[in-house]
1. In segment A:64-73, which residue that is within 8 Å of chain B (Cβ to nearest Cβ) and not hydrophobic (A, V, I, L, M, F, W, C) is farthest from the chain's Cα centre (by Cα)?
2. How many residues, within segment B:263-275, are in contact (Cβ under 8 Å) with a residue 24 or more places away in the chain and outside any helix (DSSP H, G or I)?
3. Does at least one position in segment B:94-112 carry a residue that is assigned to a strand (DSSP E or B), away from chain A (no Cβ under 11 Å) and open to solvent by 20 Å² or more (accessible area, probe 1.4 Å)?
4. What strands (runs of 3 or more DSSP E) lie completely within segment B:38-79 and have 3 or more residues being buried (at least 20 other Cβ atoms within 10 Å of the Cβ) and small (Gly, Ala, Ser)?
5. Take the conditions more than 20 Å from B:Lys169 (Cβ to Cβ) and touching a Pro at 6+ places or on another chain (Cβ under 6 Å) and apply them to B:Ser262. Does it pass?
6. Can you list residue pairs whose Cβ atoms sit under 7 Å apart, with the first residue in segment B:11-27 being within 19 Å of B:Ala44 (Cα to Cα) and the second being part of a strand (DSSP E or B) and of a type in the set (Lys, Arg)? Count only pairs 6 or more apart in sequence or on different chains.
7. Go through segment B:248-262 and count every residue that is farther than 11 Å from B:Leu290 by Cβ and surrounded by 14 or more Cβ atoms within 10 Å (Cβ to Cβ).
Amino acid sequence: MSSEKITHGDDGGNERTIELTINDETHQVRVKPNELLLNVIRDKLDLTGPKYACGTGECRACSILVDGEPELSCLRLAVTADGSEITTVEGLSDGRDLHEIQQSYLSEGGSQCGFCTPGFVIMTKDLLDNNPDPTEEEIRDHLKGNICRCTGYNNIVEAVKVAADRSPENGESE
Amino acid sequence: MEYKLASNTTTRVISQEFDYSVPASLEEALELRDEHGDDVRPLAGGTDLLIQLKADVRTESHLMYVNGLDELDDVSETEEGLEIGATVTYDDLMNSSLVDQHVPILAEAASDAGGVQVEKMGTIGGNLCNGSPAASTAPPLLILGAEVVLESVDGERIVPIEEFFTGPKRTVLEPNELLTSVRVPTPASDRWAHEEIKRVTEDLAKVIVSVSLECDDGTVTDCGIGLGCVAPTPIRATEAEAAIRGEPATEETFARAGEIASDEISPISDSRSTAEYRRLITETKVRDLLVDAHETNV
C-alpha cells in the first residue's frame, strides 16, 4: 500500500481510482472516500445481489466475501477495499448454472421473499469452504447474525445441510 | 471530531465528506497525527465508526486507514503475558493459540462481539478507542489488569486500562497519539467466567460481567469483577471485590458480592434495558459467575 494524502481537486471533490476484483473480473472505479463499498458494488458495478437493509450491521443482507473473509459491505468504505478480491452472490453460479448452495436453497425452500438470501448464501459458502460437513449447531452459529424477516430459518438450515451433502468434499456431487 | 445528536436518520449513505489517507508505516501514521491532531482519525474495522458517520453523530475531516499496518496486527508473547496489536480482530483473538493459552477469557469475550462478519472486521483497538460502556473486550481487560500502549512521535506512554476510559465515547487518548497495542498479563488463576447478557447475538449487551477468582484453602484470596453497560465507562466493582477478599469461598459470599456490585453501579435506562433490570441482573450474574468460576476445575 502506498501512502497518499488526498487533496481536494478543482471540482471540490476528492475522487480517486481504486481497483476491485469482483467475481474474478477486475474493475477500475472512481470513488470518493465517503462512498460505501455496498453502494459502489450495486450502483457502479451493477451487482445488486448484496442488499441494503438496516445499514447498521444488524441484518447482514449486505454480506460479501472480501479476500475470502465474510464482511459487511455497508460498513466498509470502498477506498479501504482498494486491491481486494471480492465475491458476491453473483460469483457463485456458472452462467445460468446455479451453484449447489443455490440449488439447495431452491430445493429446500430456503428462500421466501428472497431479500436476505444473498447474504445467507454467501455465509453458507463461507461456512462450507471452511467446514464442509458442519453440525446443525455449527450451521446455526455461523448464520446467527443474518436475519430473515420471513423467519424461514428451519428451511435455511435444511438447505445448508443439503448443500453440504451435495458438496464434492462429501463425495455426492454429480 | 465532535459528537452531537443524530441529525441524519438514513443509514444508506455517509453524507459528510472527508479526506482519506493510507499511511505506509506506523511512523507515517504517527507523523500524520502529530501534524493534524484530531483532524485526522484512525479507521480500522469501521463497524462502530461508520455507523456514527452515517448518523452524523460524529464529524470527521480526514480518516487514515490503519488496518494494513504490519506493526499493529500481531499477538506476541512477553515476559508478563501477551502484547496484542491494535488491529488484531475479534476473530484473531478467538483463533489465537497464545490467547487460548494465556487469557482464554479474552477469546470468550471476542466471541460475544456480534456474529461472524463483525468478528472478522472489528479490532481490539477500535473496540477500546470507540469508548463505549458496552465495549465487549473491556470488562475482561479490566480484571486482567491490562495496559494500553499509546504512541506518538514523542514516544510511548503506558496507561492502565482502568484509567483509559473517562466517559461515554471519551478516553485519555491525546490528539497526537495512537493506541498501538494492549499488554495483558497472564493471570495467576485459571478460575474465570464471562457473560454478555443480551437479547440476540448481534445486539449490544444489556450488561457484561467478567469475573476472576483466586482461592486458597477455601478462602477467597483475590478476585476481579469487571462490568460493562452499567456506568458511563466499563468499570471494576471494586467495593464488591474488596468485600469478599479474605472471606470463605461460598455461595453466600458470592451473593454478597452481587448485592454490593449492584449497589455500586450507576446504570441508565435506554433502548436496550432499564436501570432496574441492569441492577437486578448484575446482582444475579455476579453471584452466578463467581460460583461458576469457583467450580472450575483448575
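1. A:Glu69
2. Summing the residues that are in contact (Cβ under 8 Å) with a residue 24 or more places away in the chain and outside any helix (DSSP H, G or I) in segment B:263-275 gives 5.
3. So far as segment B:94-112 goes, no, none of its residues is assigned to a strand (DSSP E or B), away from chain A (no Cβ under 11 Å) and open to solvent by 20 Å² or more (accessible area, probe 1.4 Å).
4. none
5. Judged against the criteria, B:Ser262 is not a match.
6. Taking only residues 6 or more apart or on different chains, the pairs are B:Ser21/A:Lys5.
7. Number satisfying all stated conditions: 3.
Matching residues to (1) among the charged types (D, E, K, R); (2) open to solvent by 20 Å² or more (accessible area, probe 1.4 Å); (3) within 11 Å of the chain's Cα centre (by Cα); (4) under 17 Å from B:Thr10 (Cα atoms):
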site	(1), (2), (3), (4)
A:Leu38	no, no, yes, yes
A:Arg42	yes, yes, no, no
A:Leu45	no, yes, no, no
A:Gly49	no, no, yes, no
A:Glu58	yes, yes, no, yes
A:Leu75	no, no, no, yes
A:Val79	no, no, no, no
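The values are calculated or read from the model by the stated rules, or taken from the named source; none is laboratory data. Because the structure is predicted, anything quoted here is derived from the model rather than measured. Cβ atoms come from the backbone with ideal geometry, glycine included; neighbour counts cover every protein chain shown. Note: areas computed on protein heavy atoms with side chains; ligands, DNA, RNA excluded. Shrake-Rupley method; radii C 1.70, N 1.55, O 1.52, S 1.80 Å.
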